[in-house]
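The values are calculated or read from the model by the stated rules, or taken from the named source; none is laboratory data. These numbers were taken from a predicted model, which means no experiment stands behind them. A quick note on method: Cβ atoms are made from the backbone with ideal geometry, for glycine too, and the neighbour counts reach across all protein chains shown.
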Amino acid sequence: MDDKLIMEDILTTVKSAADLYLHGTIESGTVNVHRTFDRKLSETLQMQNEIYSKMSQKGWYSEEQAQQQKIDQTRQKYSACC
C-alpha cells in the first residue's frame, strides 16, 4: 500500500467521522452533549483540512477549476427560485 492510498483512506475515515459528529450535534438532546459533539466536529474538520493540505502539496488531491459559464448557470438557477 503506497502513501497516497493510505492518505486517501485516512481522509475518507476522517470525513465519515465528521459526518457522524455533525449528526450528533444536530440531534443532541442536551446542551452538554451538543457542545461535546460540536467540539469534536470542529477538531475533526481541522484534521480533515490538514490532511487535505498535505495531500494537495504532494499533488495527490487534484482540483479542477470550474468554468465561469457553469458558475453563472448555477447562480441563475438558484437565484430564480429563492
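Okay, here's what the table says:
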| item | result |
| --- | --- |
| Residue within segment 73-81 that is in contact with a helix residue (DSSP H, G or I) (Cβ under 9 Å, 6 or more places away or on another chain), among the hydrophobic types (A, V, I, L, M, F, W, C) and free of Cβ contacts under 8 Å to residues at least 60 places away in the same chain present | no |
| Top-ranked residue in segment 64-75 [being exposed (fewer than 10 other Cβ atoms within 10 Å of the Cβ) and not in a loop (DSSP other than H, G, I, E, B); ranked as modelled with the lowest pLDDT] | LYS70 |
| Check on ILE51, out of contact with any strand residue (DSSP E or B) (no Cβ under 8 Å at 6 or more places or on another chain), surrounded by fewer than 11 Cβ atoms within 10 Å (Cβ to Cβ) and in a helix (DSSP H, G or I) | no |
